[in-house]
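Scroll down for the structure; my scribbles are underneath it.
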Amino acid sequence: MTRPAAPPATTAAPRRSDAMVEHLVETTLDVFATMIARPLQSAPPTYNTAQPGAAVVATVGFTGSLKGLVVVRCSKAAGLEITAAMLGLEPDAVVADVPDAMGEVANMVAGGFRTKMSSGDDRWEITMPVVTSGEQFTITYSTDTFRVVCPFTMGSHDIFVELVVQPDQR
């Protein structure tokens, strides 16, 4: 069975995505600065590109006038540093806590995004976080989803926050 060709990579934003991306970037910067005490540097987002590599992937779903996912991706070392900063401990003391901490990071980012996107009668909900960790895995979405990857750096670590939206909802 052959896979359909991936959509071409582009940096052009379709319809309502400018506001969505702006809200996602603002929320991510705020969460890392205030809750983790690790400021991030942001880079321009990319649309419908290949998934960035990661050893820790935390996902939170959302529903409202839009349906989709907020996905936080990072290396194992970045996950350890984030967890250690959240708990006020050394990275070697938090290995078992990484899934819970990264799930909470994704939850905070998705919750802030939800708050910024909600208005009036447009009530949004988010799901429980799901955290996947390991080596050399990919997460497959429907081929017709809209995806934007917002890259950040935290010191020497790359952090990626991805927005995945179901079709015809941009």
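The values are calculated or read from the model by the stated rules, or taken from the named source; none is laboratory data. The shown structure was predicted, so the numbers you read here are calculated from the model rather than taken from an experiment. Positions of Cβ are backbone-derived with ideal geometry, glycine not excepted, and every protein chain shown enters the neighbour counts. Each accessible area value is taken on the protein alone, full model and side chains, heavy atoms only, with ligands, DNA and RNA left out. Shrake-Rupley method; radii C 1.70, N 1.55, O 1.52, S 1.80 Å.
Residues being part of a loop (DSSP other than H, G, I, E, B) and either open to solvent by less than 20 Å² (accessible area, probe 1.4 Å) or not polar (S, T, N, Q) (or both): count how many of those fall in region 146-156. Looking only at that region, the number is 1. For region 42-59, the candidate set comprises residues that are touching a Pro at 6+ places or on another chain (Cβ under 9 Å) and of a type outside the set (S, T, Y); within that set, the residue that is most open to solvent (accessible area, probe 1.4 Å) is P44. When the residues of region 111-145 are filtered to those that are assigned to a strand (DSSP E or B) and open to solvent by less than 60 Å² (accessible area, probe 1.4 Å), the one that is farthest from V98 (Cα to Cα) is D122.
Of all residues in region 82-104, those that are open to solvent by less than 50 Å² (accessible area, probe 1.4 Å), assigned to a helix (DSSP H, G or I) and out of contact with any Asp or Glu (no Cβ under 7 Å at 6 or more places or on another chain) total 6. For region 133-170, enumerate the residues that are over 14 Å from V70 (Cβ atoms), touching a Ser or Thr at 6+ places or on another chain (Cβ under 8 Å) and modelled with pLDDT of 95 or more. P151, H157, D158, listed by residue number.
A84 falls short on exactly one of the conditions (1) over 24 Å from P39 (Cα atoms); (2) over 14 Å from the mean Cα position of the chain (by Cα), and that condition is (1).
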